[in-house]
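Before any comments, here is the structure.
The values are calculated or read from the model by the stated rules, or taken from the named source; none is laboratory data. The model shown is predicted, which means the values in this text are computed figures rather than measured ones. Here Cβ is always computed from backbone atoms with ideal geometry, including for glycine, and neighbour counts include all displayed protein chains. To get the accessible areas, we keep the full protein, side chains included, count just its heavy atoms, and leave off ligands, DNA and RNA. Shrake-Rupley method; radii C 1.70, N 1.55, O 1.52, S 1.80 Å.
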Amino acid sequence: MDAVQRADSGHPGMPMGMADAAVVLWTRFLRFDPQAPDWFNRDRFVLSAGHGSMLLYSLLHLTGYDLSMDELKRFRQLESLTPGHPEFGLTPGVEATTGPLGQGLANGIGMAAAERHLAARFNQEGFDLVDHRTFVIASDGDLMEGVTNEASSLAGHWKLGRLIVLYDDNEITIDGDTDLAFTEDVLERYRALGWHTDRVDGHDPVAVEAALEGALADERPSIIACRTHIGYGSPNRQGSSEAHGSPLGDEEIALTKKALGWTAEPFEVPGEVYDFMRQAAAKGHQAHVAWDDRLRDFGDAHPDLLASFETALAGTPPQGWVEALADAFEVGGMVATRKASGAVLNALKPRWPALIGGSADLTPSNNTRAKGDVDFSASDYGGRYLRFGVREHAMGSILNGMNVHGGVRAYGGTFLIFSDYMRPAIRLAALSNAPSIFVFTHDSIGLGEDGPTHQPIEHLAALRAIPNLTVLRPADAYETVICWDLAASLKGPVALALTRQSLPVLDASAVVGARRGGYILSERDDAQVILIATGSEVHLALSAQRILDEEGIRSRVVSLPSIEVFDKQPADYREQVLPSKIIARVSVEAGVTQGWHRFVGPNGVAVGLSRFGESAPYQHVYEHLGMTVDAVAEAARRSLKAVEDP
């Protein structure tokens, strides 16, 4: 209450309502060590109801994390460690960036899946190296969002028994009582999804403890509905939507403290409270020390496995796999970049045991399953292929949870058009710097007959608009290898955009510059015009260059597989590739032209699309929509004319 009041902003009601249940969880069950917040075998706690962040910040402070009272006083202030919603990588002890409802619960499911997979890989008789749990606090709002149902369905299917959700069943949302729009039997739904369920009075610590004990004993994921009062203790706000998202006010805070029997000054915590809360931290530290001993003994008994475990935790990709594909593709042959991506996974997965991933029911189309892959399942958690079903949004959120958990590098595939369904998860991956690899195939009108419902037009521009997301659109099989190598090495999230249609294979030695995001692919001496292209349209630019050659127009073709990677290159390199003195320029991409004018400038021409596609063989669609070699050549002429006759 004090922090929200000082900030004059925030959500006091949920923290007040769930404090009783949360204290039981943190003092009796959650295993953590504030002295080592990143200790690998700690339990994971995710506050999916991220608007109640002061609950988490209070718990972190009281249990001894490096989160001072001064930081609590700076709640929601610039550059504090206590932002309005929890942010992974900013505040010690925060395991996931939450706030957009539903994401945290789905992240938790990804964490629980990662734990089971690593346990299957590394645990040996007498050595339970990986045996932690994932706990989530979720709200009514979380359970209304569709992503939680998608992800919870998978959790039930996978029988992730080390996942426990405390559901803050307070029957209040911003608009008022939940029965305005939410009258389903939540626990009946979760029983149908294969979960263990229970219902308790969330203000009865004994009942909460018993329910948690029951959940720990069940092999299924568990959800415990804690019937609580939002704004618990507030004489005039308890149980009302007014307690949800605004400060209580000094007068109501005083009345609430009186009702609760609290006499300390604002932000004052009695020593006995610290003593009580930090007992849990002491127990967690002892567990951490014991685990370190177990890890040492494990290494003595299984040195090779220990080395693999440490490599997995480091997240380091293997060396040498790129060379294995040096002669994999015949120059001049025709290979779709989605198929080249499949070849990459066949080379990379056997060499990188931490790499795990799958597809949202598009495995044959995405080419995301490597030869020999075994499915991750309730009967074999050691499998490295994830069958997400038709659940794109859940897939993205689960990938993020797996990747911030650590020990695995997770990827997932679908059509580029369905990045629409995943955008919240992609954005949070970028905000969290989660190294998720999103494999998007069928990346343009080149997919052909499926038509405009499946042909992405605005999607590359939309993805490039997300800060901290690297978009990679390779032009051929060998650029695909390089882009995958970048994806494996980069620390943040990556979106690969791959073709359905086959493309000519370029000489591997000609495309090495792809590693820098953009490079000169084909050059004529004293070039007059630059043709800049990505992906499949690079080949339009190369063909247009040959037409221009016949007319005596000297051109340079630049392949730009990643604007984000290119932008990070030194200024002199970027000037070398796109010299400012050559102002006649053409960009070529089968999508909206938004963003391309920064490269072509006022005298340039952006060849792209300003409408949705058509259902037809892809060659006819390209022709019909003006994405042709002749159109690129004509754009070059127009740009040169604009320069010569401004």
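Tabulated results
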read-out: Listing of strands (runs of 3 or more DSSP E) fully contained in region 522-615 that carry 2 or more residues being among the small types (G, A, S) and open to solvent by less than 30 Å² (accessible area, probe 1.4 Å); value: 555-559, 584-588
read-out: Total residues in region 323-335, condition in a loop (DSSP other than H, G, I, E, B) and aliphatic (A, V, I, L, M); value: 3
read-out: Among (1) under 21 Å from V24 (Cβ atoms); (2) buried (at least 23 other Cβ atoms within 10 Å of the Cβ), the one test that T82 misses; value: (1)
read-out: Odd one out for I482, checked against (1) more than 19 Å from the chain's Cα centre (by Cα); (2) assigned to a loop (DSSP other than H, G, I, E, B); value: (2)
read-out: Counted residues, region 460-481 - those being open to solvent by 10 Å² or more (accessible area, probe 1.4 Å) and under 18 Å from G332 (Cα atoms); value: 1
read-out: Test: residue in region 487-494 that is closer than 16 Å to S341 by Cα and in a strand (DSSP E or B); value: yes
read-out: Residues of region 254-284 satisfying the condition of being in contact with a Pro (Cβ under 8 Å, 6 or more places away or on another chain), open to solvent by less than 60 Å² (accessible area, probe 1.4 Å) and either assigned to a helix (DSSP H, G or I) or more than 24 Å from E71 (Cβ to Cβ) (or both); value: T256, A281, G284
read-out: Residue check for D567: within 31 Å of the chain's Cα centre (by Cα) and at negative phi; value: yes
read-out: Residue identified as surrounded by fewer than 21 Cβ atoms within 10 Å (Cβ to Cβ) and either of a type in the set (D, E) or within 21 Å of the chain's Cα centre (by Cα) (or both) among E150, E171, E115; value: E171
read-out: Qualifying residues in region 7-61 (those that are in contact with a Pro (Cβ under 7 Å, 6 or more places away or on another chain) and acidic (D, E)) - the one nearest to A281 (Cα to Cα); value: D20
read-out: Of residues in region 202-253 being assigned to a loop (DSSP other than H, G, I, E, B) and among the basic types (K, R), the one surrounded by the fewest Cβ atoms within 10 Å (Cβ to Cβ); value: R220
read-out: Selected residue [buried (at least 24 other Cβ atoms within 10 Å of the Cβ), touching a strand residue (DSSP E or B) at 6+ places or on another chain (Cβ under 6 Å) and within 27 Å of Y618 (Cα to Cα)] from L416, L362, L386, L399; value: L416
read-out: Hits in region 622-646 (condition: open to solvent by 100 Å² or more (accessible area, probe 1.4 Å) and within 38 Å of the chain's Cα centre (by Cα)); value: E623, H624
read-out: Residue count for region 108-125, restricted to those that are out of contact with any strand residue (DSSP E or B) (no Cβ under 6 Å at 6 or more places or on another chain), of a type outside the set (V, I, T) and either modelled with pLDDT under 95 or part of a helix (DSSP H, G or I) (or both); value: 11
read-out: In region 503-519, the residues that are within 13 Å of L542 (Cα to Cα) and crowded, with 23+ Cβ neighbours inside 10 Å; value: L503, L506
read-out: Qualifying position, being over 28 Å from A181 (Cβ atoms), of a type outside the set (F, W, Y), part of a helix (DSSP H, G or I) and touching a helix residue (DSSP H, G or I) at 6+ places or on another chain (Cβ under 8 Å), among L72, L67, L81, L154; value: L72
read-out: Residue that is surrounded by the fewest Cβ atoms within 10 Å (Cβ to Cβ), among those in region 7-40 that are in contact with a Phe, Trp or Tyr (Cβ under 7 Å, 6 or more places away or on another chain) and over 27 Å from V206 (Cα atoms); value: P37
read-out: Which listed residue, of A514, A475, is in contact (Cβ under 8 Å) with a residue 12 or more places away in the chain, in a loop (DSSP other than H, G, I, E, B), among the small types (G, A, S) and touching a strand residue (DSSP E or B) at 6+ places or on another chain (Cβ under 7 Å); value: A475
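Let's see how each residue does on (1) acidic (D, E); (2) outside any helix (DSSP H, G or I); (3) loosely packed, with under 15 Cβ neighbours inside 10 Å:
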site	(1), (2), (3)
L295	no, no, no
L306	no, no, no
E310	yes, no, yes
W321	no, yes, no
